[in-house]
Every structure is written in structure tokens, then in C-alpha cells.
1. With r as the distance between the Cβ atoms of T54 and K22 and R0 = 35 Å, compute the FRET efficiency 1/(1 + (r/R0)^6) and round to 0.05.
2. Kindly state, to the nearest 0.05, the FRET efficiency for S137 paired with D97, given R0 = 30 Å and r defined as their beta-carbon distance.
3. How much length is gained on full extension from A110 to S81, taking 0.36 nm per residue of separation minus their Cα-Cα distance?
4. If each DSSP helix of 4+ residues adds -39,500 (n - 2.57) and the sum is divided by the residues in the chain, what number results at 222 nm, nearest 500 deg cm²/dmol?
5. For the chain, take the convex hull of the Cα atoms, compute a quarter of its surface area, and give me that in nm², please.
6. Using 0.36 nm per residue of separation minus the Cα-Cα distance, give me the extension gain between A145 and D61 in nm, one decimal.
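Each reported figure results from applying straightforward, stated rules to the coordinates on display, with no laboratory input. Given the structure is predicted, the values throughout are model-derived calculations rather than measurements. Heads up, the Cβs are rebuilt from the backbone with ideal geometry, glycines too, and the neighbour counts pull from every protein chain shown.
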Amino acid sequence: MKIGIIGAGSMGSGLGKFWAQKGHQLMFSYSRDATKLQKVAEAIGSNATIGTPTEAVQFADVVLLSVPYGVIQDALQAAGSLDGKILFSCVNALLPDMSGMAAGTTTSAAEEIAKLAPGARVVEALPLFAEVLNSPSQRFGDQIAVVF
Ligand SMILES: NC(=O)c1ccc[n+]([C@@H]2O[C@H](COP(=O)([O-])OP(=O)(O)OC[C@H]3O[C@@H](n4cnc5c(N)ncnc54)[C@H](OP(=O)(O)O)[C@@H]3O)[C@@H](O)[C@H]2O)c1
């Protein structure tokens, strides 16, 4: 599968690493410093390239949105049309210092993202800490961490 990744931080690069190991092709995008994207793609290897958010969407069968809640509007504007695309979001609607919810308690990150990308099929998942995702084994003792 071709997966376009918008936001190549802890979550985007961590998930990308697993998907590349399973043979999926990746395009990383959306950074304030393109050299960071290049380093992430190089660390993953030949299954990974970089591009703009628009290029990542056009490339992708599935798009991962993995950016802080505060920049979802900017990231989705940069992505262009997501009509008909599966938009897989791991965005939490948290304040930057994680002291509370950035969107109140009557909506959710997924609902706000769906409003910003009305043609996309939005799926919100992955309540998993990046520390676990990026740990050597993803194990707690002899148990493997489960990701829904
Ligand atoms: N970390 C976790 O354990 C975890 C778990 C579940 C869900 N989540 C959610 O997943 C999403 C991503 O989290 P993360 O931990 O991967 O974050 P992160 O490491 O900070 O990555 C965010 C990415 O967004 C990019 N970005 C581009 N423009 C930005 C801007 N103006 N401001 C901030 N970042 C910008 C950053 O690129 P540059 O820095 O290169 O510009 C970076 O690659 C968040 O919504 C978070 O709540 C995180």
C-alpha cells in the first residue's frame, strides 16, 4: 500500500518504520525543516521518499495525519483535496503543554478534522505512546503492546 504521512515526528516516523518493514511505500511530508524529513526517509530506506503534503496525498492510498492539534488546519490546507481518501488520524486534541483539551469536551479531534476535510473518510485511532512505539521491543515484560 502507498501511505502518505503528514507530520514525520515521533508518531509519523515511528509508524512509518513499522509500515516500511511490512513492505508498504511511504512518502513523508510537512516539516518546518526539509532536512528532517530527508533524515527520517533515509533512516527508513528505499521504501520511503519525501514530498509536499499535496504530493503525499496524491501518492497515497491512505494518508496518516500525525501533527499537533494546533496545526491541523494549516496541515490540511497544505494537503489540498482529500476527496475520497482514507485519512487516518492519530491527532489528540490536546493543548501544547498537555494541560487540557484544546477543543473542549463537546467535540473531538476526529470531528474537527472531518470538518476541515469534508471529502475524506476520517479514521481516528492509535492511543499508543510514541515511547512504546519507538522502544526496541514494544513489549511489557513478555506481553506485546496491542494497537487498535
Ligand atoms: N507522542 C505520542 O505518544 C502520541 C500518542 C498518540 C497520539 N499522539 C498525537 O499524534 C500527533 C503527533 O504527535 P507526535 O508526538 O508525533 O508530535 P511531534 O513529534 O511533535 O511531530 C509533529 C510533526 O509535525 C510537524 N510540524 C510541521 N509544522 C509544524 C508546526 N507549525 N508546529 C508543530 N509541528 C509541526 C513537525 O515537523 P518539524 O518539527 O520538522 O517542523 C513534526 O514532524 C499529535 O496530535 C499527538 O497528540 C501522540
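1. Working: r = 26 Å, r/R0 = 0.73.
Efficiency computed from Cβ-Cβ geometry: 0.85.
2. Details: r = 30 Å, r/R0 = 1.00.
Calculated transfer efficiency: 0.50.
3. On the way: separation 29, 0.36 × 29 = 10.44 nm, distance 1.72 nm.
Going from the current span to full extension adds 8.7 nm.
4. Details: 6 runs with 50 residues, N = 148.
The helix contribution divided over the chain gives -9000 deg cm²/dmol.
5. On the way: hull surface 36.3 nm².
Here the figure is 9.1 nm², rounded to one decimal.
6. Numbers: separation 84, 0.36 × 84 = 30.24 nm, distance 2.63 nm.
Stretched fully, the A145-D61 segment lengthens by 27.6 nm.
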